[in-house]
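Notes follow once the structure below has been shown.
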Amino acid sequence: MPLDIREVNRPITEIYDVFVKVTDGCSHGKCIYCPFFKEPYRRLSVQEIEEEAIWAKGWCEDQGEEPKRAFLQGADAFSQPFETLMAAAEYIYREMPWVKSIGSYARVDNFRDKTVDQIRQLKEAGYSDIYVGIESGDPRILKRNKKGYTPEDIREQMQKLDEAGMVWTGNFLNGLGGHRYGDKHARLTAALYKDLKPVSIEVMSLTLMEGTKLYKKGMRGSFQEATEEERLEELWVFLTCLENETVIRCRNVSNAVKLAGRLPRDKQKLLDEIDRALEKGVDFDRERIRKL
Ligand code: SF4
């Protein structure tokens, strides 16, 4: 079935892309805070992906647009095997020669079945700026939220991307540890990133969404959300500890304070912005985000 453009799921920076579906649902589907990708997981066949690329080309023609970038659809499109991703790239370029690069969401464990050489070939085929849902470098938080991988797994798999020269973006889920847990979460996540080379790090802030297991825990009182001030303090510690040369983007709808900058150049400026927000007091309607 052709991709329903209203159901496109993409990072904020990928707004002008053309979208090509390669998987349905999520290969993991167990993270207890996640309200997304609830349809059963399925890898589209190579033939179906070819049909999706043809459909996407028609969509571009209808819009009179020639997007320079394609973004694969699926919670973790990189769960497709190497050969299928190579075939997807071939169909995308054949149908839409204006496309110059391909992005995707990925889980850390999507790279387990791929060698460094295969990741390098994917890079040479035009895959670039892959969004990897790291969320945290704290083993306790990863386990509690059923992420399905450990900090060691993250380090091992992301080092393969770095060795292959694949450009990737990681993230930090601000507030994931809950009330009074921010400092450790921030320090361990910054420490995890230390030996890695993400081109950028997206910061999002945890919102308990109705229907998720974490929301139910919140209702029962077995999980207490971090306050907005605690989240900002956590972000302050994360940025202070982060030693990478990278871009920080904190512009998601879930972020009470919107920030962006390049590290280390803009570190002090970002920290000052957080300090000012804390002094002023944070007025953020998280209930509104819950209803989006
Ligand atoms: S891997 Fe991503 S999409 Fe899948 S359940 Fe976890 S947060 Fe949701």
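The values are calculated or read from the model by the stated rules, or taken from the named source; none is laboratory data. Bear in mind the structure is a predicted one, so any value in this text is a computation, not a measurement. No Cβ is skipped: glycine too gets one built from the backbone with ideal geometry, and neighbour counts run over all protein chains shown.
Numbers below:
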quantity	calculated
Region 99-122, subset surrounded by fewer than 24 Cβ atoms within 10 Å (Cβ to Cβ) and of a type in the set (S, T, N, Q), residue farthest from the ligand (Cβ to nearest atom)	121
Search result, residues across region 241-258 that are buried (at least 16 other Cβ atoms within 10 Å of the Cβ) and without any contact (Cβ under 8 Å) to a residue 40 or more places away in the chain	257
Out of 88, 53, sole residue that is in a helix (DSSP H, G or I), small (Gly, Ala, Ser), within 22 Å of the chain's Cα centre (by Cα) and more than 16 Å from the ligand (Cβ to nearest atom)	88
Among the candidates 231, 262, 288, residue that is in the same structural domain as residue 160 (by TED's automatic domain parsing), outside any loop (DSSP other than H, G, I, E, B) and loosely packed, with under 15 Cβ neighbours inside 10 Å	262
Among the residues listed as 67, 2, the single one being more than 20 Å from the chain's Cα centre (by Cα), more than 16 Å from the ligand (Cβ to nearest atom), in a loop (DSSP other than H, G, I, E, B) and at pLDDT 95 or above	67
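Residue-wise test of (1) closer than 18 Å to residue 94 by Cβ; (2) within 16 Å of the ligand (Cβ to nearest atom); (3) surrounded by fewer than 12 Cβ atoms within 10 Å (Cβ to Cβ); (4) at pLDDT 95 or above.
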site	(1), (2), (3), (4)
13	no, no, no, no
16	no, no, yes, no
26	no, yes, no, yes
33	no, yes, no, yes
37	no, yes, no, no
46	yes, no, no, yes
49	yes, no, no, yes
72	yes, yes, no, yes
76	no, yes, no, yes
